[in-house]
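A quick write-up on the structure given underneath.
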Amino acid sequence: MRVPVLTYHSNNISGNDYASNDHVALAADLRVIHRRGLRIVPLGRVVDVLLGEAPESAVERSVALSFDDGSWFDWHDLDHPTCGPQRGFAGILRDFAAQTGASAHATSFVIVSPDARATLDRTCLADCGWWGDDWWRPAQDEGLLAIESHSWDHNHHTLPVTAAHEQRTGTFRSIDTYMDADAELRQAADWLNRFLAPHRATLFAYPYGETNDYLVHEYLPHYTHEHRLRAAFGTAPGPIERSSGHWHLPRYVAGSHWKSSAELDRLLDDALS
């Protein structure tokens with residue numbers, strides 16, 4: 001079992017070429033994946049195999065896709081204020097499926113707090129109201145994107161107040177107590193479960209890709225009856241293997257671990273060998 005998880009950020013738009021735009025990169029990378037004869041499987045299926053709930057054949061010769069932060073650019077086609085019209089990630093997946101006949105699926109890890117998203121829209125995006133949750137249920141119902149948790153508020157440094165008790169913001173390594181973990185992880189899962197019922201949030205991606213010993217070795221494994229999560233993902237590069245610890249699973253990040261289609265080809269060579 002060796003499954004690379006490729007991660008993109010739909011807010012990463014500073015130009016209209018591969019290096020400056022994750023939408024351009026995703027469309028190009030899908031062609032690389034298809035040319036190599038790889039399947040795109042849901043991230044939840046990879047976790048099923050890892051936990052012994054599905055056979056390894058379910059993820060043979062495959063990759064999984066994930067998107068972080070969960071703004072409108074994951075779902076909607078939008079006219080970026082400086083870079084012009086952008087095909088949303090969902091539309092890029094639909095185009096790929098229509099052109100190739102291959103299946104396409106991704107997991108969107110979303111920031112859950114409505115207040116946090118409203119502030120982040122002003123401080124980190126375009127201040128156009130583009131970080132709403134109106135698309136989460138249609139995405140889940142269509143089956144193209146699975147909606148999962150990227151924490152309550154990302155403990156983001158631009159927020160006036162976060163869920164963290166001591167307000168050590170700008171990092172997720174500081175979420176190192178039961179009180180803070182409960183506020184960031186369990187609260188987010190509860191909100192998503194109510195909002196998307198009967199779908200249940202079972203996957204989590206660490207904000208900034210950062211974690212700590214308390215979350216990985218104490219909170220997540222010992223309080224599953226409360227947070228009800230099955231796996232958590234960081235951003236350490238590497239494929240998911242049978243031996244991977246399911247509370248800190250690896251992912252490759254576009255723009256960080258590869259910067260071109262040629263680099264992705266080499267990354268996949270290494271990850272799948």
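FYI, it's all coordinate maths here, none of it is from the lab. Since we're looking at a predicted model, the values are computed, not measured. Neighbour counts run over all protein chains shown; Cβ positions are idealised from the backbone, glycine included.
Say a paramagnetic label sat at a point 7 Å from the Cα of His217, along Cα to Cβ; which residues of the range 229-249 have their backbone N under 15 Å from it?
245-248
Can you work out ³J(HN,Hα) from phi for every residue in the range 66-71, in order, using Karplus 6.51 cos²θ - 1.76 cosθ + 1.60 and θ = phi - 60°, giving whole Hz and x for Gly and Pro?
Ordered by residue, 3J(HN,Hα) equals 9, 10, 10, 4, x, 7 Hz.
Putting +1 on Lys and Arg Cβ atoms and -1 on Asp and Glu Cβ atoms, find which of Phe195, Ala25, Ser14 reaches farthest to the positive end of the dipole of the chain.
Farthest towards the positive pole: Ala25.
Treating only the Cβ atoms of Lys and Arg (+1) and Asp and Glu (-1) as charged, compute the dipole magnitude of the chain about its Cα centre; round to the nearest 20 debye.
Magnitude of the dipole: close to 700 debye.
For the chain, what is the largest minus smallest coordinate of the Cα atoms on each principal axis, given in angstrom and ordered from greatest to least?
48, 46, 33
Which one, His217, Ser244, Cys83, projects farthest toward the positive side of the charge dipole computed for the chain from Cβ point charges (K/R +1, D/E -1)?
The residue sitting most towards the positive pole is Ser244.
Can you list residues from other chains, or at least 5 along the same chain, whose modelled amide H is less than 5 Å from the amide H of Leu203?
Correct list: Ser149, Arg230.
Between beta-carbons, use under 12 Å as the cut-off and find the net charge around Leu192, counting Lys and Arg +1, Asp and Glu -1.
After counting each charged neighbour, the total is +2.
What does the C-alpha gyration tensor say about the overall shape of the range 4-70? Classify as rounded when a/c is under 1.5, otherwise prolate if a/b is larger than b/c, or oblate.
Oblate is the answer for the range 4-70, as a/c is 1.5 or above yet b/c matches or exceeds a/b.
Using the Cα centre of the range 148-216 as the reference point, and only Cβ charges (+1 on K/R, -1 on D/E), how large is the resulting charge dipole? Debye, rounded to the nearest 20.
I would put it at about 200 debye.
Let me check I've understood the local charge: for Leu272, count other residues with C-beta under 9 angstrom from its C-beta, Lys and Arg +1, Asp and Glu -1. What total comes out?
+1
Enumerate the amide H contacts of Ala146 below 5 Å, restricted to partners 5 or more residues apart or on another chain; note that Pro and chain-start residues carry no placed amide H.
Under 5 Å from the amide H of Ala146 lie the amide H atoms of Ala106, Thr107, Ser108, each far enough along the sequence or on another chain.
Using the Karplus curve 6.51 cos²θ - 1.76 cosθ + 1.60 with θ = phi - 60°, work out ³J(HN,Hα) for each residue of the range 18-35 in order, rounded to whole Hz, and write x for Gly and Pro.
The phi angles translate into 4, 6, 10, 8, 5, 6, 4, 4, 4, 4, 5, 5, 4, 5, 4, 4, 5, 4 Hz.
Using a 7 Å offset from Cα along Cα-Cβ at Leu51, what residues in the range 206-221 end up with backbone N under 16 Å from the label point?
Residues 220-221 fall inside that zone.
What is the extension gain from Glu226 to Ala19, computed as 0.36 nm multiplied by their sequence separation minus the C-alpha to C-alpha distance, in nm to one decimal?
70.4 nm
Count charges around Ala19 for me, please; just the other residues with Cβ under 12 Å from its Cβ, Lys/Arg as +1, Asp/Glu as -1.
Net local charge, Ala19 excluded: -2.
PRE reach from Ser103 (point 7 Å along Cα→Cβ): which of the range 17-48 fall under 15 Å by backbone N?
Only 38-48 pass the distance filter.
Based on the alpha-carbon gyration tensor of the range 1-134 and its eigenvalue square roots a ≥ b ≥ c, which shape applies: rounded if a/c is under 1.5, prolate if not and a/b is larger than b/c, or oblate?
Taking the square roots of the gyration eigenvalues as a ≥ b ≥ c, the range 1-134 is oblate.
Shape call for the range 68-120 from the C-alpha gyration tensor, a ≥ b ≥ c root eigenvalues: rounded (a/c under 1.5), prolate (a/b greater than b/c) or oblate?
Since a/c reaches 1.5 but b/c is at least a/b, the shape of the range 68-120 is classed as oblate.
Using just the C-alpha positions of the range 222-273 as equal point scatterers, what log10 of I(q)/I(0) does the Debye formula give at each q in 0.13, 0.16, 0.26 1/Å?
Values, matching the q order: -0.41, -0.56, -1.00.
If all Cα-Cα distances of the range 115-241 are sorted into 10 Å bins from 0 onward, what percent lands in each bin, rounded to whole numbers?
Histogram of Cα-Cα distances, whole percents per bin: 12, 41, 37, 10, 0.
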